[in-house]
1. If I fit a long axis through the Cα atoms of helix 39-54 and take the longest principal axis of the Cα atoms of the chain, what angle between them do I get, 0 to 90°, rounded to 10?
2. Take the Cα pairs of the chain, get the Kirkwood Rh, then feed it into Stokes-Einstein at 25 °C and 0.890 mPa s and tell me D in µm²/s.
3. Go through TYR81, ALA21, SER2 and say which Cα lies farthest out towards the positive end of the charge dipole of the chain; charges sit on Cβ, +1 for Lys and Arg, -1 for Asp and Glu.
4. Quick check on the chain: helices-only [θ] at 222 nm, where DSSP H runs of length 4 and up contribute -39,500 (n - 2.57) each and the sum goes over total residues. Nearest 500, please.
5. Could you give the longest part of the chain that holds none of the trypsin sites (Lys or Arg not before Pro) found in DSSP loops with at most 16 neighbouring Cβ atoms within 10 Å?
6. With charges set only on the Cβ (+1 for Lys and Arg, -1 for Asp and Glu), what does the dipole of the chain come to about its Cα centre, in debye to the nearest 20?
Amino acid sequence: MSLHRIRKHPDFVEGCFGCKASTLDLNPGEANSRLTMSAKKWDNELALYRQARAQGIQPDSTKTKDIRKAIDISNKTSRAYGA
């Protein structure tokens, strides 16, 4: 039971703003998440990691800069990085 209904009236009253507001569920979705990147960026980063792993490259992490570094080193040395 909401604080409004405890203090004002115990039953739901049609037309009472306090009663109506107490039934709302607030969900900020991704806007208030602790993710540091968007879902689209996350998916692109993991897709790049999968492509590198398919070529036999083992990047140091799943971060884009580490994946690109591993791919560049692999291309320069003609050997899979981390293999």
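Laboratory data are not the source of any read-out in this text; all were calculated from the coordinates shown. Computed from a predicted model, the values in this text were never measured in an experiment. Heads up, the Cβs are rebuilt from the backbone with ideal geometry, glycines too, and the neighbour counts pull from every protein chain shown.
1. 30 degrees
2. Result for D is 144 µm²/s.
3. The one lying farthest along the dipole's positive direction is TYR81.
4. Rounded to the nearest 500, the figure is -14500 deg cm²/dmol.
5. In the chain, the maximal stretch lacking such sites is 35-62.
6. In debye, rounded to 20, the chain gives about 340.
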